[in-house]
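Working notes, structure below.
The values are calculated or read from the model by the stated rules, or taken from the named source; none is laboratory data. Please read all numbers here as calculations on a predicted model, not as lab measurements. Quick reminder, even Gly has a Cβ in these numbers, built from the backbone with ideal geometry, and neighbours come from all protein chains shown. These area figures cover heavy atoms from the full protein model, side chains too; ligands, DNA and RNA do not enter into them. Shrake-Rupley method; radii C 1.70, N 1.55, O 1.52, S 1.80 Å.
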Amino acid sequence: MADPSSYRPKPGQIPDSPGVYKFRDEHRRVIYVGKAKNLRQRVANYFQDLANLHPRTRTMVTTAASVEWTVVSTEVEALQLEYSWIKEFDPRFNVKYRDDKSYPYLAVTLNEEFPRVQVMRGAKKKGVRYFGPYGHAWAIRETVDLMLRVFPVRTCSAGVFKNAARTGRPCLLGYIGKCSAPCVGRVTPEEHRDLAEDFCDFMAGRTGTYIRRLEKDMMQAAEEMEYERAARLRDDAEALKRAMEKSAVVLADATDADLIAVAEDELEAALQIFHVRGGRVRGQRGWVTDKVEAVDTSGLVEHALQQLYGEERGDAVPKEVLVPALPEDTEAVSQWLAERRGSQVSLRIPQRGDKKDLMATVQRNAQQALGLHKTKRASDLTTRSRALEEIAEALGLDTAPLRIECYDISHLQGDDVVASMVVFEDGLARKSEYRRFQIKGFEGQDDVRSMHEVIGRRFKRYLQEKERTGEWEEQAGDTPATGPAPTGPAPTGPAPTGPVPAVGPTAEDAEPREDDGRPKRFAYPPQLVVVDGGQPQVAAARRALDELGIDDIAVCGLAKRLEEVWLPDDDDPVVLPRSSEGLYLLQRVRDEAHRFAITYQRAKRAKRIRTSPLDDVSGLGETRKQALIKHFGSVKKLRQATIDEICEVPGIGRRTAESVAAALASTAPAAPAVNTATGEIIEEDDGGSS
């Protein structure tokens, strides 16, 4: 690990003009590229006290061995040079969006004598007009098949075209009217190029002109009693309309825009782009990236704009780019986009209307893409195995923790304090093992005491199960009962007693079970307990285990702010590498525990808010409670009613009315509140709540 002070530039050596800088490692490889309005201020920030740097920035500057810079005249030039260097050097500490597939485009080869319509992937070529990208190639082929009725442009390969020209016979599409057959001279090169350009104009969103022209020609043919031609023109117009319907209208004003949304967490970010042309979604794509540098949403957007438009020119850069957050230097990025398009580009955040609604849709797609990416990553067996091994190595465990339990505390300002326990076995969530706890030992907000109580209660149950099944005196090293090993993670201690089936049991069948055949709730101990929090929570969990005499279960905590792993009795955290699969798994376990806890806490709070004195009346269902409230208007007025008045409510008998009156009388306020300044009584107002 290098000391940044060893290569820090001398004071005044760095210019205070715009520019781009590169950090290199000891092997002279470029590991980070950045740009700045003022090089002196930006570069100097990297050489402050390491404790003040973001962990990712700290890792970068201690990996680097030198820094160099290039001065440019404008911030736009700096943006362009930064993009070029990132593309050239592929620095390991720069955000780089990656994709797991190559999106197909609808391409028209205007650089050929006889332009061809086809599906293309990969790098874009000069002189080729592209539309898309599309999610699937078949979507392009369906659209093209409909449009060839009206724009019979060549779609065949060079070999087929040359063979048709040699034999003087067109291909099948030429015979059925879906190709103008320039190969055999049915149209001139100029006429065929006009067809190709009309095709491009229609795909670019200029649709109304062609449909109106076809409908006008159809009416004229009908007036001249050329009914077959009129029917053909009608079918052509319908084909174009169907081709348009394949792209949903999302913006009524025929807008050309790209909408970019970002979904992110501490480690990764997913990006989704909707390409809207002529008010219709013409294409969609998505990228995922590791957050290898300290970057916020605006930084992610800026990197995305560079990657999205760095190789584009002209109409490929839309008039409008809608983003969730503006880049730090919005003016320079907007000017750079305008130079690439050749005209003004609006870069902004949608605030209202259809564009804001569509941005919400793009955002949902980004969230789903991030979730899907994490699911795919977590489901890979090799990745899970590596994650467990990394956790074992980082925490000094003898074996990989095949069963991990994570605990989280949730409350709202000290009310409705609850806890969650989630279980991951072999790196996968086992939701049937999840448990919820209400904090019973005290009232108020104290996450440390709450964690101590929950861990204590959970492992008391575990010890009770061991005692009940006769495992109390046996040690973890004892030989388990003979028979096939279960496929799930092995519990600490011997296997459950009882007959062994002839066929090896599954993980669920191997579980100890209650007398009614259901799995026991706290039968298996984990190899690792993870708590959501830092040193205090970890110490509380360890203390709870020590009080029960349990010393063979590892404990750690994951602090959310910097994703640091804390161990009992250690003053310094364990910092796993940013790209560590082990850190990713711990984060996923912690986030799942948080989700499970807050879901329970919200449900508990909602139930408490909905409580009513009528809930304690035996035999009074929800329908009759609502009828009482509707009849009297509020609980306060119902409390003032006589038994005879309550009996007037449909469905309420005298015995029920007496129970209601008794329940409300027992919960009546002791005395009215008085405003001490004015002496007036403050009326109770329970509204219509029930």
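Test GLY679 against the criterion of being open to solvent by less than 90 Å² (accessible area, probe 1.4 Å), at pLDDT 80 or above and either among the basic types (Lys, Arg) or on the phi > 0 side of the Ramachandran plot (or both), and give yes or no. When the stated conditions are applied, GLY679 does not pass them. Select from the range 333-355 the residues that are out of contact with any Pro (no Cβ under 9 Å at 6 or more places or on another chain), surrounded by 12 or more Cβ atoms within 10 Å (Cβ to Cβ) and basic (Lys, Arg) and list them in ascending order. Residues satisfying the conditions are ARG340, ARG348, LYS355. Of all residues in the range 5-53, those that are open to solvent by 40 Å² or more (accessible area, probe 1.4 Å) and among the hydrophobic types (A, V, I, L, M, F, W, C) total 3.
Contact annotation: residue pairs with Cβ atoms under 6 Å, 6 or more positions apart or on different chains, pairing a residue in the range 57-82 that is at pLDDT below 85 with a partner that is assigned to a loop (DSSP other than H, G, I, E, B) and of a type in the set (Lys, Arg), are GLU75/LYS37. Looking at LEU576, is it modelled with pLDDT of 85 or more, at negative phi and touching a Gly at 6+ places or on another chain (Cβ under 8 Å)? Criteria not met by LEU576. Among the helices (runs of 4 or more DSSP H) confined to the range 30-114, the ones with at least 3 residues that are within 27 Å of the chain's Cα centre (by Cα) are located at 55-63, 75-89. Restricting attention to the range 645-656 and to residues that are of a type outside the set (Ser, Thr, Tyr) and either free of Cβ contacts under 8 Å to residues at least 12 places away in the same chain or closer than 14 Å to GLY619 by Cβ (or both), the residue that is most open to solvent (accessible area, probe 1.4 Å) turns out to be ARG655. Can you name the residue in the range 393-443 that is of a type in the set (S, T, N, Q) and part of a strand (DSSP E or B) and is also farthest from PRO525 (Cα to Cα) among such residues? Out of the qualifying residues, it is SER410. Within the range 528-573, track down each residue that is open to solvent by 50 Å² or more (accessible area, probe 1.4 Å), on the phi < 0 side of the Ramachandran plot, assigned to a loop (DSSP other than H, G, I, E, B) and of a type outside the set (Asp, Glu). Across the range 528-573, the qualifying residues are LYS560, ARG561, LEU562. Each residue in the range 434-452 was checked for being at pLDDT below 85 and open to solvent by 50 Å² or more (accessible area, probe 1.4 Å), and 7 of them qualify.
As for the range 85-108, it holds at least one residue that is more than 20 Å from HIS192 (Cβ to Cβ), modelled with pLDDT of 75 or more and of a type in the set (Lys, Arg). Out of curiosity, is LEU358 crowded, with 18+ Cβ neighbours inside 10 Å, over 28 Å from the mean Cα position of the chain (by Cα) and modelled with pLDDT of 80 or more? Considered against the rule, which asks whether it is crowded, with 18+ Cβ neighbours inside 10 Å, over 28 Å from the mean Cα position of the chain (by Cα) and modelled with pLDDT of 80 or more, LEU358 comes out as no. Within the range 262-276, the residues that satisfy the criterion of being of a type in the set (A, V, I, L, M) and more than 11 Å from VAL321 (Cα to Cα) are VAL262, ALA263, LEU267, ALA269, ALA270, LEU271.
Residues are listed down the side, and each one gets a yes or a no for (1) open to solvent by 60 Å² or more (accessible area, probe 1.4 Å); (2) within 23 Å of GLU142 (Cα to Cα); (3) at pLDDT 90 or above:
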residue	(1), (2), (3)
SER180	no, yes, no
GLY185	no, no, no
GLU197	yes, yes, no
CYS200	no, yes, no
GLY205	no, yes, no
LEU214	no, yes, no
MET219	yes, no, no
GLU224	yes, no, no
GLU228	yes, no, no
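Contact map, the range 460-477: first residue modelled with pLDDT of 75 or more, second residue outside any helix (DSSP H, G or I) and among the aliphatic types (A, V, I, L, M), Cβ cut-off under 6 Å, separation 6 or more or different chains; pairs are GLU465/ALA523. Checking each residue in the range 292-307 for being surrounded by fewer than 21 Cβ atoms within 10 Å (Cβ to Cβ) and either under 15 Å from VAL362 (Cβ atoms) or in contact with a Cys (Cβ under 8 Å, 6 or more places away or on another chain) (or both) picks out only THR297. Consider LEU585 carefully, then state whether it is more than 24 Å from THR57 (Cβ to Cβ), open to solvent by less than 40 Å² (accessible area, probe 1.4 Å), modelled with pLDDT of 85 or more and out of contact with any strand residue (DSSP E or B) (no Cβ under 6 Å at 6 or more places or on another chain). Judged against the criteria, LEU585 is a match. Look at the range 609-625: where a residue is part of a helix (DSSP H, G or I) and a partner is surrounded by 11 or more Cβ atoms within 10 Å (Cβ to Cβ) and modelled with pLDDT under 75, sitting 6+ places away or on another chain with Cβ atoms under 6 Å, you get PRO613/THR667; LYS625/LEU614; LYS625/SER690.
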